[in-house]
Amino acid sequence: QAATRPSCCNSVRHLRADKDDAYEVDDCDRSKLIRASIATHVLEIGVAVHSVIVGFTMGMLTDTKQATTLTVALFFHQFSEGCAIGAAVLESRLGLKHTLLLWLIFAFTAPAGVFLGIGVQQAQGSDEPSWRGTLTQGVCE
């Protein structure tokens, strides 16, 4: 059996325990889990920044037709990003608390961007978009 194992695997085994389950991982599996965890966090950071920008753009909108179009696009886009993050979290086998933290970050970044965009739009003082607001919205889209 030792001859069929990949060269990166050692006979050293570690017990990884989460609240939900406990399982053994060898050094090869451990390095894969570390890489998957790093990839999950990089994906989460990218999605969070992107969600704030898209939410900001949505908050800056004053035209109902544009807002409706962006809402539909945002719905499908966020759904796809949520599926990607879910798959990454499952692959990295993060603990329950860590997983919930990532989901909370994902859930609140787009609304935070919307509130930020609404605040900037309100700070401009009128419902008519100024050249600064139009420029900001164009850059964010």
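The values are calculated or read from the model by the stated rules, or taken from the named source; none is laboratory data. Given the structure is predicted, the values throughout are model-derived calculations rather than measurements. Cβ atoms come from the backbone with ideal geometry, glycine included; neighbour counts cover every protein chain shown. Note: accessible area is taken over every heavy atom of the protein model, side chains too, but ligands, DNA and RNA are not part of it. Shrake-Rupley method; radii C 1.70, N 1.55, O 1.52, S 1.80 Å.
Of all residues in the stretch 92-115, those that are touching a residue at least 60 places away in the same chain (Cβ under 8 Å) and within 14 Å of Q78 (Cα to Cα) have Cβ atoms under 8 Å from Cβ atoms of residues that are among the charged types (D, E, K, R) and assigned to a helix (DSSP H, G or I), 6 or more apart or on another chain, in I105/E44; F106/E44; F106/E81.
Residues in the stretch 55-104 that are within 26 Å of V42 (Cα to Cα) and outside any helix (DSSP H, G or I): R93, L94, G95.
Open to solvent by 60 Å² or more (accessible area, probe 1.4 Å), in contact with a strand residue (DSSP E or B) (Cβ under 9 Å, 6 or more places away or on another chain) and not small (G, A, S): does that describe R35? Answer is no for this residue.
Under the condition of being closer than 21 Å to A87 by Cα and at pLDDT below 90, the residues counted in the stretch 38-75 number 2.
Looking only at residues of the stretch 86-115 that are closer than 20 Å to R30 by Cα and among the aliphatic types (A, V, I, L, M), we find that the one that is most open to solvent (accessible area, probe 1.4 Å) is L90.
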